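Everything on this sheet refers to the single structure shown next.
The values are calculated or read from the model by the stated rules, or taken from the named source; none is laboratory data. Because the structure is a prediction, the values reported are computed rather than measured. No Cβ is skipped: glycine too gets one built from the backbone with ideal geometry, and neighbour counts run over all protein chains shown.
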Amino acid sequence: MATIISYKKTSDDHTTYELRASDAHEDADIYCAELGTIDGVTYVSVPDGATLPEQLPQVAATLQTVALTPELRAQIKAASPHCALISERMVQKIRARYSRDDEDFFARIGLSSVLGMYKLPPAEMAEIRAFGEFVEAVRQWGRAERAKLGL
């Protein structure tokens with residue numbers, strides 16, 4: 001799992017000082033991902049095995065490894081364009097197989113069944129089960145993608 005680090009971007013009259021995530025390596029598969037900035041603190045995902053190059057003093061002075069609390073994890077996920085893209089792709093994967101109308105239908109008949117208002121025939125039960133298993137597989141994919149970012 002990746003490590004989350006934080007730092008504060010600083011600037012002077014001529015320059016904004018940001019984290020140097022890596023030296024240029026043409027064959028490198030390792031990259032750091034800026035997750036977002038919350039209250040002036042920028043959070044970056046650093047993959048396992050990656051080492052950051054030496055930082056300028058303006059950045060190094062504020063650089064630290066983050067101990068994620070559930071609250072901070074939620075804030076970073078909400079601020080992260082990477083997490084937003086993962087969520088969007090999850091919806092796309094589901095919509096490629098099931099429409100919103102399909103999902104609404106399964107919710108209606110499932111709820112009616114739970115409330116005892118409707119008896120699910122075996123074929124509909126199998127459809128709901130297949131839908132649920134598919135959606136859970138997509139959700140697991142999303143969790144795995146966020147885990148790659150340390151979230």
Handout entry: Sole residue being over 20 Å from the mean Cα position of the chain (by Cα), assigned to a loop (DSSP other than H, G, I, E, B) and either in contact (Cβ under 8 Å) with a residue 60 or more places away in the chain or buried (at least 17 other Cβ atoms within 10 Å of the Cβ) (or both), chosen from L68, L19
Key = L19
Completion exercise
Of (1) closer than 18 Å to Y31 by Cβ; (2) surrounded by 15 or more Cβ atoms within 10 Å (Cβ to Cβ); (3) not acidic (D, E), L85 satisfies every one except (2)
Fill in the blank from the handout: Only one of (1) among the charged types (D, E, K, R); (2) assigned to a loop (DSSP other than H, G, I, E, B); (3) within 19 Å of A2 (Cβ to Cβ) does not apply to E54, and that is (3)
Fill in the blank from the handout: Of (1) in contact with a Leu (Cβ under 7 Å, 6 or more places away or on another chain); (2) surrounded by fewer than 16 Cβ atoms within 10 Å (Cβ to Cβ), S80 fails just (2)
Problem - Residues being of a type outside the set (F, W, Y) and either under 26 Å from the mean Cα position of the chain (by Cα) or surrounded by 14 or more Cβ atoms within 10 Å (Cβ to Cβ) (or both) - total across the stretch 108-124 - result: 5
Exercise for the section: Evaluate the following for L63: is it in contact with a Phe, Trp or Tyr (Cβ under 7 Å, 6 or more places away or on another chain) and surrounded by 11 or more Cβ atoms within 10 Å (Cβ to Cβ)? Expected result: yes
Practice task
State the number of residues belonging to the stretch 22-53 that are at pLDDT below 85 and either under 19 Å from the mean Cα position of the chain (by Cα) or within 23 Å of A147 (Cα to Cα) (or both).
Solution key: 8
Fill in the blank from the handout: Note on the stretch 76-105: residues touching a Phe, Trp or Tyr at 6+ places or on another chain (Cβ under 9 Å) and in a helix (DSSP H, G or I) are I76, A79, I86, R89, M90, K93, I94, R97, D102, E103
Problem - Looking only at the stretch 106-119, and only at residues there that are in contact with a helix residue (DSSP H, G or I) (Cβ under 9 Å, 6 or more places away or on another chain) and assigned to a helix (DSSP H, G or I), the one that is farthest from G132 (Cα to Cα) - result: S113
